[in-house]
Amino acid sequence: MSQIDPLDRRALGILSSAMNKQLGVSNLVSREVDRAYRSGEIKDVTRAGLLFATLPRWQKVEVQREAHDKAYLSLKRADKNSERDWRSISSGNQRKYLDEGLPGQLPSFLIDRDI
């Protein structure tokens, strides 16, 4: 079977965690996103994307906020090491530094086609 891009798979993991927190683990869409993350197959990602599109806009926004926060936290955790990070000394540079590590666009299955 065809596998998805590793970056999309990481994004699916973050999305799955955020959806479980916002919608609950018993929610159909949450389960399908989790299945797509675990299998990594394109057919599961397509199904999860179609089901995600059926969510009301306010739920999509809540999930997006939670996923965005989780992405920043995972990026900050990955950056922790013993050397001094001089780029993060000033608060103005901190936000810019975090934004550089995240992908510039949403994974293709999350793009809202209604707009």
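With a 10 Å Cβ neighbour count serving as the proxy for reagent exposure, in which order, fewest first, do LEU50, LEU75, LEU15, LEU23 appear?
Details: LEU50 12, LEU75 15, LEU15 28, LEU23 19.
Taking fewest neighbouring Cβ atoms as first place, the list is LEU50, LEU75, LEU23, LEU15.
Divide the volume of the convex hull around the Cα atoms of segment 12-83 by the residue count and you get 87 Å³ per residue. With neighbours defined as other Cβ atoms within 10 Å of a residue's Cβ, the residues SER30, SER108 order from fewest to most as SER108, SER30.
Give the calculated FRET efficiency between LYS70 and LYS43 to the nearest 0.05, with a Förster radius of 30 Å applied to their Cβ-Cβ distance. Kindly include the intermediate steps, with their values, before the conclusion.
Numbers: r = 26 Å, r/R0 = 0.85.
E between LYS70 and LYS43, to the nearest 0.05, is 0.70.
Every number in this text was worked out from the coordinates using simple rules, so none of it is lab data. Given the structure is predicted, the values throughout are model-derived calculations rather than measurements. Please note: Cβ atoms are built from the backbone with ideal geometry, for glycine as well, and neighbour counts cover all protein chains shown.
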